[in-house]
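What follows is a short report on a single structure.
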Amino acid sequence: MSSDPKKIETVLTENRIFKPDEEFQKKAHISSMRDYQELYKKSIEDNLGFWETAANELHWFRKWDSVLNEESAPVYKWFVNAKTNISYNCLDRHLNSATKNKAALIWEGELGGQRTLTYNQLFHEVNRFANALKKLGIQRGDRVAVYLPMIPELAISLLACARIGAVHSVIFAGFSSESIRDRVLDCEAKLIITSDGGWRKGNVLPLKNIVDEAVAGCACVKHVIVVKRGQGDPFPCHIKEGRDHWYHRIIDDVSSRCEPEQMDSEDMLFLLYTSGTTGKPKGIIHTTGGYMVYTYLTTKYVFDLKPEDVYWCTADIGWITGHSYIVYGPLMNGATILMYEGAPNWPDKGRLWKMIQDHSVTIFYTAPTAIRAFMKWGDKWPNKYDLSSLRLLGTVGEPINPEAWIWYHRIIGKDKCPIVDTWWQTETGGIMITPLPGCTPLKPGSATLPFFGIEAEVISDDGSQADAGILAITKPWPGMLRGIYGDMQRYKQTYWSKWPNKYFPGDGAKKDSDGYFWILGRIDDVVNVAGHRIGTAELESVFVEHHMVAESAVIGIEHELKGQCLVGFISLKEGIDTTDDLAQELKEWIGKKIGRFAMPEKIIFSPDLPKTRSGKIMRRLLRDVASGRTLGNISTLADASVVERLKVKYEED
Ligand code: WT7
């Protein structure tokens with residue numbers, strides 16, 4: 001191992017390789033590595049020609065003067081001066097084909113109620129709601145905040161905004177009134193769409209009451225639209241005369257035809273606030289044309305969609321995954337989408353598997369944090385159901401530990417479904433590094449290779465090539481963010497100041513001899529032990545390889561002698577007791593698997609780890625706990641009590 005203090009080292013070697021199943025391969029859009037390599041090469045050599053061909057698969061009211069304009073880089077312009085509307089491409093475009101009467105959305109409520117909307121029905125709903133928004137004075141360019149549970153009206157809201165050129169800003173329906181207020185004020189939203197409530201683990205979340213609290217301090221908000229989720233009577237909430245409107249009333253007396261606005265390619269489509277695991281939320285800006293082409297094409301190839309597929313992405317539409325891969329990408333591709341309102345463990349831990357069986361789901365896309373929870377709950381839940389309809393699995397959000405990958409492949413995919421481990425970010429708009437399921441040989445834990453048109457590198461701080469270091473994207477791509485709302489300086493500083501003309505995503509990565517990318521976690525989380533810089537993902541994966549460990553988080557804290565030492569926070573599988581012997585065994589496990597230098601100083605058992613609402617482990621807070629500091633910003637935490645309990649426990653130890 002080198003002693004270069006800036007170099008990141010890798011400690012994990014994963015040699016298992018999974019080739020695509022022959023049946024799958026035969027029917028796939030891209031069915032051999034030769035085809036991938038050929039098209040990839042073409043997509044880089046004639047990058048703009050490649051994107052132009054993709055764009056030509058969609059509808060434009062007017063085509064572009066040029067594909068890319070780099071004059072104001074890093075604010076790149078794609079499909080310059082073209083006019084289109086993404087809701088047209090999601091809906092109207094399908095009305096002249098057999099897709100018209102196909103299910104667009106199959107929705108299941110937590111309590112079990114179901115609704116199905118065909119493309120034609122969804123088209124009419126969206127048109128009516130678009131007219132209702134207009135009636136309340138919403139115009140092209142106005143910002144509309146959306147705070148809804150996972151019900152069809154959430155997808156309808158996005159499409160209706162897009163149709164009239166209003167900018168949607170979805171706020172995940174688990175955020176507090178304070179978080180709503182910050183986001184609404186930042187973009188000066190004129191209207192908020194919410195509901196009287198939503199179901200979560202058998203309880204009703206009082207969304208409208210939370211919005212009322214938030215709006216009290218927001219003079220910009222003129223109207224609130226309330227979807228009635230309560231069956232029969234609405235859930236208790238207050239309707240303020242003049243400001244608040246029931247959704248079902250307001251769409252009742254409007255026309256079901258609303259001409260789509262002809263949007264410029266670079267008109268803003270939406271804002272989505274991301275805080276990641278650190279700092280003040282940033283309003284990430286995505287525009288119309290480039291985002292549309294990028295999500296369309298990535299969905300088509302990564303999920304290898306076929307007309308008969310039933311596609312299920314378990315993310316919430318409150319996150320980018322839901323925007324790009326529940327709503328826009330799949331609808332542009334004419335797919336049938338399954339959407340679920342509630343919790344995965346309600347009424348029991350078999351809910352998702354039952355839904356796969358009941359709806360004959362063929363494609364299932366979820367997150368490592370969920371997969372680790374499923375593993376922890378035990379094989380008996382998925383084993384109770386018939387999962388044979390599945391043909392493709394996906395994962396996104398964090399590095400997936402190889403053990404979790406293997407479990408997912410075996411227990412859910414029955415050894416026959418490829419797994420697409422898709423690396424991307426809110427900022428990238430769509431999937432960037434990913435296997436293509438019909439051709440890419442898979443290595444558990446690797447996001448494998450760049451998507452068409454994407455050029456990625458692993459480089460060191462000074463910009464030179466490295467095997468392990470920092471991930472960089474070296475070419476602009478259509479789905480890229482166009483800025484941070486109201487703070488272009490921060491945009492340039494955060495993403496474009498590390499190296500000239502290269503996008504800095506903030507992740508550590510390594511590249512192996514096959515050119516495969518392995519994401520090592522956020523650069524801010526890299527630990528430094530005895531002079532070795534190691535990404536947390538690898539250390540955590542080694543813990544998860546231990547048969548008693550369900551999930552782990554590793555951090556480095558100051559140590560008098562070593563500079564830094566490691567602390568492992570461990571969550572055990574169900575039914576396993578925490579003992580001092582086990583703590584010692586786990587320390588030695590790391591010592592044996594990686595080297596004595598990496599042996600953790602301390603093991604802390606905890607049934608839960610502190611996570612963001614989107615399921616990412618907040619190592620920053622664990623560092624605060626372990627070094628006895630007061631906790632930093634906890635506003636993005638899903639459950640604040642987890643870290644409070646840990647703090648008490650740590651201090652007792
Ligand atoms: C960060 C972006 C992209 C939609 C959901 C998250 C991590 C994401 C992977 C993956 C390893 C991953 C990265 C990235 N990440 N996917 N397949 N392997 N890490 O969006 O909240 O903007 O987070 O999530 O650290 O930078 P986000």
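The values are calculated or read from the model by the stated rules, or taken from the named source; none is laboratory data. Everything numeric here is computed off the predicted structure, so don't read it as measured data. Here the Cβ positions follow ideal geometry from the backbone for every residue, glycine too, while neighbour counts run over all protein chains shown. Please note that ligands, DNA and RNA were not included when accessible areas were found on the heavy atoms of the full protein model with its side chains. Shrake-Rupley method; radii C 1.70, N 1.55, O 1.52, S 1.80 Å.
At a glance:
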| item | result |
| --- | --- |
| Condition broken by E213, with the remaining ones in (1) assigned to a helix (DSSP H, G or I); (2) crowded, with 17+ Cβ neighbours inside 10 Å satisfied | (2) |
| Matching residues in the range 496-507 - criterion: being outside any loop (DSSP other than H, G, I, E, B) and within 9 Å of the ligand (Cβ to nearest atom) | D507 |
| Single condition A315 does not satisfy, out of (1) open to solvent by less than 10 Å² (accessible area, probe 1.4 Å); (2) not in a strand (DSSP E or B) | (1) |
| Selected residue (criterion: nearest to the ligand (Cβ to nearest atom)) from residues of the range 587-646 that are charged (D, E, K, R) and in a loop (DSSP other than H, G, I, E, B) | K616 |
| Where V529 falls short, out of the listed (1) within 16 Å of the ligand (Cβ to nearest atom); (2) open to solvent by less than 40 Å² (accessible area, probe 1.4 Å) | (1) |
| Any hit, the range 610-620, residues being aliphatic (A, V, I, L, M), in contact with a strand residue (DSSP E or B) (Cβ under 9 Å, 6 or more places away or on another chain) and under 25 Å from G445 (Cβ atoms) | yes |
| Of all residues in the range 343-371 being open to solvent by less than 10 Å² (accessible area, probe 1.4 Å) and in a loop (DSSP other than H, G, I, E, B), the one that is farthest from E153 (Cα to Cα) | G350 |
| Total residues in the range 239-252, condition free of Cβ contacts under 8 Å to residues at least 40 places away in the same chain, in a loop (DSSP other than H, G, I, E, B) and closer than 20 Å to P152 by Cα | 1 |
| A173 free of Cβ contacts under 8 Å to residues at least 60 places away in the same chain and open to solvent by 10 Å² or more (accessible area, probe 1.4 Å) | no |
| Failed criterion for G483 (all others in (1) under 30 Å from F374 (Cβ atoms); (2) more than 11 Å from the ligand (Cβ to nearest atom); (3) open to solvent by less than 10 Å² (accessible area, probe 1.4 Å) hold) | (1) |
| Residue list for the range 37-59, filter: touching a residue at least 40 places away in the same chain (Cβ under 8 Å) and more than 17 Å from Y291 (Cα to Cα) | L39, Y40, S43, I44 |
| Count of the range 445-495 residues which are assigned to a loop (DSSP other than H, G, I, E, B), among the aromatic types (F, W, Y) and under 22 Å from T422 (Cβ atoms) | 3 |
| Enumeration of residues in the range 394-414 that are touching a helix residue (DSSP H, G or I) at 6+ places or on another chain (Cβ under 7 Å), part of a loop (DSSP other than H, G, I, E, B) and within 23 Å of L305 (Cβ to Cβ) | V396, G397, I400 |
| Search result, residues across the range 198-212 that are more than 24 Å from the chain's Cα centre (by Cα) and at positive phi | G202 |
| Some residue of the range 376-389 being more than 11 Å from the ligand (Cβ to nearest atom) and open to solvent by less than 10 Å² (accessible area, probe 1.4 Å) | yes |
| Number of positions in the range 422-444 that are out of contact with any His (no Cβ under 9 Å at 6 or more places or on another chain), open to solvent by less than 10 Å² (accessible area, probe 1.4 Å) and within 12 Å of the ligand (Cβ to nearest atom) | 8 |
| First in the range 629-646 and over 21 Å from R181 (Cβ atoms) and touching a residue at least 24 places away in the same chain (Cβ under 8 Å), second anywhere and in a helix (DSSP H, G or I) and open to solvent by less than 30 Å² (accessible area, probe 1.4 Å), Cβ under 7 Å, 6 or more apart | V643/L621; V643/V625; L646/V625 |
| Those residues of the range 508-523 which are in contact with a Phe, Trp or Tyr (Cβ under 8 Å, 6 or more places away or on another chain) and away from the ligand (no atom under 11 Å from the Cβ), in sequence order | K510, K511, D512 |
| Odd one out for R34, checked against (1) in a helix (DSSP H, G or I); (2) in contact (Cβ under 8 Å) with a residue 12 or more places away in the chain | (2) |
| Subset of the range 50-75 (residues that are outside any loop (DSSP other than H, G, I, E, B), open to solvent by less than 20 Å² (accessible area, probe 1.4 Å) and not aromatic (F, W, Y)) | A54, A55, V67 |
| Selected residue [open to solvent by less than 30 Å² (accessible area, probe 1.4 Å), modelled with pLDDT of 95 or more and on the phi > 0 side of the Ramachandran plot] from F79, F129 | F79 |
| Output for the range 537-566, where each listed residue is closer than 15 Å to R620 by Cα, in contact with a helix residue (DSSP H, G or I) (Cβ under 8 Å, 6 or more places away or on another chain) and surrounded by fewer than 24 Cβ atoms within 10 Å (Cβ to Cβ) | I557 |
| Complete set of residues in the range 623-643 that are open to solvent by 50 Å² or more (accessible area, probe 1.4 Å) and either among the acidic types (D, E) or within 24 Å of T579 (Cβ to Cβ) (or both) | D639 |
| Verdict on R620 being on the phi < 0 side of the Ramachandran plot and open to solvent by 50 Å² or more (accessible area, probe 1.4 Å) | no |
| Any hit, the range 198-206, residues being of a type in the set (A, V, I, L, M, F, W, C) and within 19 Å of D142 (Cα to Cα) | no |
| Meets criteria (under 24 Å from I86 (Cβ atoms), within 19 Å of the chain's Cα centre (by Cα) and open to solvent by less than 30 Å² (accessible area, probe 1.4 Å)) for Y301 | no |
| Check on R183, in contact with a Phe, Trp or Tyr (Cβ under 9 Å, 6 or more places away or on another chain) and more than 18 Å from V254 (Cβ to Cβ) | yes |
| Residue match in the range 526-541 (condition: polar (S, T, N, Q) and more than 29 Å from F374 (Cβ to Cβ)) | yes |
